[in-house]
1. If we count every other residue with Cβ under 15 angstrom of ARG64's Cβ, Lys/Arg +1 and Asp/Glu -1, where does the sum land?
2. What distance in nm lies between label points placed 7 Å from Cα along the C-beta direction at ASP30 and LYS72?
3. What does the extension gain come out to for SER58 and GLU8, with contour length at 0.36 nm per residue minus their alpha carbon separation?
Amino acid sequence: PEGVVHAELVDDAHLPAPLPTAAPPRPVVDQHTNLAPGDPLPPEADQPTYTERDIRVSERTAERLKNQSKPKNTSR
């Protein structure tokens, strides 16, 4: 019948372990990482976070960068 729920009462000790809410932060290592003996791997959580303002330049700056001469030490 509708509205009837079949359930079983279980002692808390027999419940399954809860799943973690989020995966642990992954280690972040690249060619610029220097670790001394005994240093732990740096996790993602230790990395800086950036906002849109941190990575965007103004139109004036973009135009100035576009019009400047190429770098002297590269073949670009």
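Computed from the coordinates by the stated procedures, all read-outs in this text should not be read as laboratory data. Everything quoted here is computed from the prediction, not taken from an experiment. Every residue, glycine as well, gets a Cβ built from its backbone with ideal geometry; the counts of neighbours run over all protein chains shown.
1. Details: positive: ARG56, ARG60, LYS66, LYS70; negative: GLU59, GLU63.
Local net charge: +2.
2. Distance between label points: 2.8 nm.
3. Values: separation 50, 0.36 × 50 = 18.00 nm, distance 6.34 nm.
Full extension of this stretch gives 11.7 nm more.
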